[in-house]
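The values are calculated or read from the model by the stated rules, or taken from the named source; none is laboratory data. What you see is a predicted model; the values in this text were computed from it and never measured. Backbone-built Cβ (ideal geometry, glycine too); neighbour counts: all protein chains shown. These accessible areas exclude ligands, DNA and RNA; they are computed on the full protein's heavy atoms, side chains included. Shrake-Rupley method; radii C 1.70, N 1.55, O 1.52, S 1.80 Å.
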Amino acid sequence: QPAATVKTKAPTGKVPEVTDADHIRGDKDAKVTIIEYSDFECPFCKKFVPTVEQMMSEYDGKVRLVYRHYPLSFHANAQKEAEASECANELGGNDTFWEYHDEIFARTTTNGTGFALDKLAPLAEELGMDGKKFQECLDSGKYAEHVKEDMAGGAAAGITGTPGSILIDAAGNSQLISGALPFSSIKSMIDAALSAK
């Protein structure tokens, strides 16, 4: 099987700045940033998770991952799952957000309704959160607008599907990465980004 050709191009618009409000995995001061726009019910996003884990392991301290929401309209549960991950963040902070993120991706069968909405609060309880507070947060819809803002920012930067990532090198140059690329492709891009002047 031939190696996948890497499709990268410059973002078509301004990439929303990374702030303390973002969900960041890895060293916050890493030279290279990858902003991943993702959907909890997207099969390609699920497939991309091990690639991202390998990247974070091999480039420990050199790359930080920023997760942003991009729930596609035809994945019925994705919007509510994105909101649920924000409730996890509210109740437990950044580490809890990532635990919740990992478990949804581990358990969903993807394609729209792969993780049942009535399992969102029990999962929160399983991870040590207060299930009642979690459900109240989720039912309030308080993070619906935040999720939509993530999507709007991604769309403005040129994201058209999931996973859609933006790699920002040490010099601040950014490029779009479309789809669940294999680790070998991501690796060559990170290596180039680390040596950018």
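Tabulated values for the structure
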quantity	calculated
Hey, E145 over 27 Å from G161 (Cβ atoms) and charged (D, E, K, R) or not	no
Filter result for L72 (of a type in the set (A, V, I, L, M), part of a strand (DSSP E or B), under 19 Å from I104 (Cβ atoms) and at pLDDT 95 or above)	no
Test: G172 is farther than 24 Å from L72 by Cβ, open to solvent by 60 Å² or more (accessible area, probe 1.4 Å) and out of contact with any strand residue (DSSP E or B) (no Cβ under 8 Å at 6 or more places or on another chain)	no
Residue tally, condition assigned to a helix (DSSP H, G or I) and either on the phi > 0 side of the Ramachandran plot or open to solvent by 20 Å² or more (accessible area, probe 1.4 Å) (or both), over the stretch 105-131	8
Filter result for A84 (within 18 Å of H146 (Cα to Cα), in contact with a Leu (Cβ under 6 Å, 6 or more places away or on another chain) and surrounded by 16 or more Cβ atoms within 10 Å (Cβ to Cβ))	yes
Filter result (open to solvent by 30 Å² or more (accessible area, probe 1.4 Å) and either in contact (Cβ under 8 Å) with a residue 40 or more places away in the chain or touching a Pro at 6+ places or on another chain (Cβ under 6 Å) (or both)) within the stretch 156-169	A156, I168
Conditions (1) under 12 Å from the mean Cα position of the chain (by Cα); (2) touching a residue at least 24 places away in the same chain (Cβ under 8 Å); (3) open to solvent by 10 Å² or more (accessible area, probe 1.4 Å); (4) more than 30 Å from S140 (Cα to Cα); number of the one not met by E58	(1)
Condition broken by H146, with the remaining ones in (1) farther than 27 Å from G26 by Cα; (2) assigned to a helix (DSSP H, G or I); (3) not basic (K, R) satisfied	(1)
Matching entry among D102, D29, D95 (being among the charged types (D, E, K, R) and not in a helix (DSSP H, G or I))	D29
Test: residue in the stretch 15-23 that is modelled with pLDDT of 95 or more and open to solvent by 60 Å² or more (accessible area, probe 1.4 Å)	no
Residue within the stretch 139-151 that is acidic (D, E), over 22 Å from R64 (Cα atoms) and under 19 Å from the mean Cα position of the chain (by Cα) present	yes
From the options E36, E90, residue that is in contact (Cβ under 8 Å) with a residue 24 or more places away in the chain, crowded, with 17+ Cβ neighbours inside 10 Å and not in a loop (DSSP other than H, G, I, E, B)	E36
